[in-house]
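The values are calculated or read from the model by the stated rules, or taken from the named source; none is laboratory data. Being a predicted model, the structure only gives us computed values, none of them experimental. Note: ideal-geometry Cβ built from the backbone for every residue, glycine included; neighbour counts use all protein chains shown. Only protein heavy atoms, including side chains, enter the accessible area calculation; ligands, DNA and RNA are left aside. Shrake-Rupley method; radii C 1.70, N 1.55, O 1.52, S 1.80 Å.
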Amino acid sequence: NQIEQSRRDVRDQHSAPDTYLVTFGAQHSIGWRFYPAWLQKIEQDYGPILSRLRADDLPVCLRDLDNGDVDFVIAYVGDDLLQSATRESVVIGRDQMIAVSKPDAYGRPLYDLTHEAKNVPLLRFGESAPLGAHIGTMFARYGLGPQFKVIYENSMTGALRVRARAGDGIAWLPQSLVQPDMDNGVLVRTGDSAWAVDLAIRLFRNTERKNRVTEGLWAFLTECPDQST
């Protein structure tokens with residue numbers, strides 16, 4: 001208890017706006033595209049922030065939040081694993097999981113997904129990946145499973161993106177991540193537009209671990225929550 005109190009005292013002493021380093025934890029897919037643009041917008045509207053990002057798997061990010069090793073966690077949400085008595089959250093952005101494929105020579109999807117398609121190669125998230133749960137729910141709703149043949153699994157969006165760019169199959173990936181690829185013609189959307197999965201991006205904090213710097217930022221975000229535009 002004394003060690004923990006000393007730790008809180010040190011954090012409080014260093015929580016002046018010009019010296020405190022705000023630490024964010026985020027899923028890798030958020031850290032690559034959404035986070036830099038979001039932070040830039042925040043600093044334009046709120047003011048400069050000394051900050052650091054720790055990108056990792058979501059369970060690790062949440063563990064770090066509960067232990068006080070990060071001040072905030074930014075995550076795609078949609079499952080009960082994010083609920084906790086000591087966590088509260090606010091929506092700071094929105095995204096979509098969309099089906100993408102490498103284009104053929106005419107700019108059409110190399111793998112054109114339809115209800116009648118069979119044995120379409122699928123690049124999917126592993127069972128431990130939280131984003132995979134969103135896709136699984138959508139698959140069940142539209143009965144998409146029989147159309148696919150799973151050829152690769154990975155919990156990392158970046159790994160699935162590389163395989164999709166190589167033309168190995170279809171992958172559902174965050175639009176914020178693959179938009180540059182679509183702009184450059186490296187990837188194209190495929191399948192029915194209704195098969196996109198809407199995602200909220202939430203910023204979480206541990207209500208038992210806060211200081212005046214994080215409190216000020218939290219107050220700003222709760223008054224102007226969605227800073228994605």
Net length gained if the chain between residue 223 and residue 152 were fully extended (0.36 nm per residue, minus Cα distance): 21.3 nm
Most positive-pole-ward Cα, 20, 109, 143, against dipole of the chain from beta carbon charges: 109
Spin-label zone in region 173-213 - amide nitrogen under 13 Å from a point set 7 Å from the Cα of residue 112 along the C-beta vector: 190-192
Average Cα contact separation per residue, region 30-130, under 8 Å, 6 or more apart, as relative contact order %: 16 percent
Residues whose placed amide H lies under 5 Å from that of residue 113, excluding near-sequence neighbours: 191
Rounded FRET efficiency, nearest 0.05, which uses the C-beta distance separating residue 127 from residue 50 and R0 of 25 Å: 0.10
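Using a 1.4 Å probe on the protein heavy atoms, what percent of the accessible area of region 67-206 belongs to carbon and sulfur?
Values: 2930 of 6330 Å².
Exposed carbon and sulfur together represent 46 percent of the surface.
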Listed residues 191, 76, 5: farthest to the positive end of the dipole of the chain (Cβ charges): 191
The chain: angle of helix 2-13 to the longest principal axis, Cα-based, in degrees nearest 10: 90 degrees
Anchor residue 210: lysines whose Cα lies under 29 Å away (excluding residues fewer than 8 positions away in-chain): 41
Mean shadow area of region 67-186 over all directions, Cα convex hull, nm²: 9.0 nm²
Among [x] 1.21; [y] 1.14; [z] 1.04, the entry that matches Cα Rg over 2.2 N^0.38 Å as calculated here: [y]
Within straight-line cross-link reach of residue 118, lysines at Cα separation under 28 Å, skipping those fewer than 8 residues along the same chain: 102, 149
Fraction of beta bridges assigned by DSSP in the chain that are antiparallel (%, nearest 5): 60 percent
Residues whose placed amide H lies under 5 Å from that of residue 187, excluding near-sequence neighbours: 182
Amide proton proximity set for residue 96, modelled H, under 5 Å, gap of 5+: 175, 176, 199
Taking the chain and dividing mean pair separation by its residue count, relative contact order in percent (alpha carbons under 8 Å, at least six apart): 31 percent
Percent RCO, i.e. relative contact order, over region 115-228, from Cα pairs under 8 Å lying at least 6 residues apart: 25 percent
Peptide ranges 210-220, 88-98 listed from the most packed, as the mean C-beta count within 10 angstrom indicates: 88-98, 210-220
